[in-house]
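Nothing in this text is a laboratory measurement; each read-out follows from the coordinates by a stated rule. None of these values were measured; they are calculated from a predicted model. Cβ sites come from the backbone with ideal geometry, for glycine too, and all protein chains shown count toward neighbours.
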Amino acid sequence: MSELLKTWYNNFRFAHEETKEREETMEIVSTENAPKALGPYSQAIKAGGLVFCSGQIPIDPAVNAVTATTIEEQARQAISNLRNVLEAAGSSLAKVVKTTVFISDMNDFAALNGVYAELFGDAKPARSCVQVARLPKDVKLEIEAIAVA
C-alpha cells in the first residue's frame, strides 16, 4: 500500500472512530415535566460531562399552554421547566455554569433578576441577558442553560 493511501486510510479510520465515539457519548434528554420541543430539536443533550438545555419558555406542561402573564410568573415557569429538564438529565440548577436569557422588554430586567436570584439561590452561573424583538408564543422570556451533568 502506498504511503499516501496509508495516510488517507489512517485519517479516515481516526475520523470514523472519533465520530462513532462522539455519537456514543451523546444522549438525548427528554421529560414530560417540561414542554415538548416546538420544533426539530431536543429538550437537552448530555455530552462530554455537560448538559446543554434548549431554551425554555413559560409553557405549563400540565396544560401545554402559557398561563402565566407577568414577567415574574413567566420567569418562575420557565425556570421550573429548566429545572425539570436538568433533573431528567441527572443535573440541577445548582450545577448550571452558564445561562442565556432572552427577554422581550429590558424594562423587565429587575423583576426577572428577583425571581432568578430566588430560584437559583447560592448558585451564581455566568449569564447573558439580551432583549429580543419577539419570542415563540409571544412570551416575555426564554432561558437556556449549560450545566455539569
(message) For a quick check: sort ASP60, ASP138, ASP108, ASP122 by the number of other beta carbons within 10 angstrom, fewest at the front.
(response) ASP122, ASP138, ASP60, ASP108
(message) Please list, short to long, the whole-number percent of alpha-carbon pairs of segment 27-148 in consecutive 5 angstrom bins beginning at zero.
(response) 2, 12, 24, 26, 20, 12, 3, 0
(message) As a footprinting exposure proxy, order TYR41, TYR116 by other Cβ within 10 Å, with the fewest listed first.
(response) TYR41, TYR116
(message) Taking the beta-carbon count within 10 Å as an exposure proxy, list VAL101, VAL148 from fewest neighbours to most.
(response) VAL148, VAL101
(message) Given a 10 angstrom Cα cut-off, can you work out which residue in GLN131, GLN43, GLN74 is the most mobile in a GNM of the chain?
(response) GLN131
